[in-house]
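Report on one structure; see the data block that follows.
The values are calculated or read from the model by the stated rules, or taken from the named source; none is laboratory data. The structure presented is a predicted model; accordingly, all values stated were derived computationally and were not measured. Quick reminder, even Gly has a Cβ in these numbers, built from the backbone with ideal geometry, and neighbours come from all protein chains shown. The accessibility values were calculated without ligands, DNA or RNA, using every heavy atom of the protein model including side chains. Shrake-Rupley method; radii C 1.70, N 1.55, O 1.52, S 1.80 Å.
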Amino acid sequence: MKRSSTTRAGRAAKAPRSDPLRGHVDALVGAIGGAVGALPPSARAMLCALVEGACGTHAGERHEYQARVVEMLEEALQGIEAQKQKAVEVARARVDAVASEKGVRQEALDATRARMAEVEVTIAQMHSAMTAAKAGLAAKIEDMKAQRKAQDAAEAPSRATAKDLDSVKGALEAVQAWQAGSSAPLKAAVDAGRRFRIDSSLLDSLAHVAKKEPSARGGFDAIVIQSIEEAFAKVASDLESTMASGEALRAARVAAAAAAQAAVGEAEAAVNLAREALRAAEQAARVCAAEAKAAERHAGRWLSDAKVVMDAYDELVRDLCSFRTEAMASFMALKALAPEPDFTEKAPLEGVAVEGEVQGVTASE
């Protein structure tokens, strides 16, 4: 019995497949459009617009322009990949440096603390220097007061002697003026003579002569006047000698007082210098304290900072892997794009036996 011949012509066709290119094209457009640092905006916009037209055409059917676009896309993707790889390497170097960074931060903290200790020692020294400078100034001031007191003590007799000398000279000038015919009274001269212990009999004689008219004065009267003048001159000369003998002591006291005053000035300058040095040390301490506090915070943030660095590295690695498995893989698929094989069954030609059959005769015959 013959089996009826069957052909594939009457079998139902397969349902059309969904577009497999859309995902690849979108992956490429997304990768190129997001490559902000690798390509300028105009280049990204141009390539994104050309992706579908060039890569959506079968490799064997692309004309020269489309093939060139595919090459440009490949170059751009390789550049993007190289940029991402470089970013990963840089991030890896930062990760490798994280461990040593902990030691670096601790060393910086230790160094600032050591500087702070040194500054504190300096401040203590400056306080001691300030105390010593103030004590020195106080001592110089006391010495200056003593020297001024000694100067006053040395100058007091000289001032008194100078005053007496002026009085004696005034009396002598009054006697001389009276002898020359002046009508001025001689009482002040007589009083000065008594004060300076000129012979009282001589002063009494001068008072008696003063009552006479000049024309009535005799030789004895002239001797009295001359003796009075010589007595006053002798007192003046003694006073001048007294002043001269005390001048050396007075000059020495003046010099000592001036030296004491200069020493006070130097001591005041030393106090000012010590004060400025103390202020500078205290300012350095404030700066050092701020640096130590900042270094302490920096050292304390090492773990969180290390996490940020490592997370950034992990993110870059994921981004590179995603780029390779999505964008690059999509490009390679589109670059070699070929028509899908047609597996639709076709009816056999007339006169050709179906497998296992001989035209018009079954296998069982």
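Observations on the structure shown:
- The fraction of accessible area contributed by carbon and sulfur in the stretch 252-317 is 62 percent, rounded to a whole number (1.4 Å probe; ligands and nucleic acids excluded).
- In sequence order, calculated HN-Hα J values of the stretch 285-301 (Karplus, 6.51, -1.76, 1.60; Hz; x Gly/Pro): 5, 5, 4, 5, 5, 5, 5, 5, 5, 5, 5, 5, 5, 4, 5, x, 8
- Dipole magnitude for the stretch 65-213: about 960 debye, using +1 per Lys or Arg Cβ and -1 per Asp or Glu Cβ, origin at the Cα centre.
- Residue by residue, the stretch 44-54 carries 3J(HN,Hα) couplings of 5, 5, 5, 5, 4, 6, 9, 4, 5, x, 7 Hz when phi is fed to the Karplus relation 6.51 cos²θ - 1.76 cosθ + 1.60 (θ = phi - 60°); x denotes Gly or Pro.
- Surface accessible to a 1.4 Å probe, residue 107 within the full protein complex, Å²: 130 Å²
- With all protein chains kept in place, the per residue accessible area of the stretch 96-149 amounts to 65 square angstrom at a probe of 1.4 angstrom.
- Within the accessible area of the stretch 188-246, the carbon and sulfur atoms contribute 54%, probe 1.4 Å, all protein chains present.
- Estimated at 0.36 nm per residue, the fully extended path between residue 304 and residue 142 surpasses their Cα-Cα distance by 51.8 nm.
- Each part reduced to its alpha carbon centroid, the stretch 306-333 and the stretch 78-130 end up 30 Å apart.
- Rolling a 1.4 Å probe over the protein heavy atoms gives the stretch 223-299 an accessible area of 56 Å² per residue.
- Of 84/293; 145/234; 187/234; 163/187, those spanning more than 29 Å from alpha-carbon to alpha-carbon: 84/293; 145/234
- When the surface is traced with a 1.4 Å probe over the full set of protein chains, residue 204 keeps roughly 80 Å² accessible.
- Simple label model, 7 Å out from Cα along Cβ direction - residue 332 to residue 173, nm: 12.9 nm
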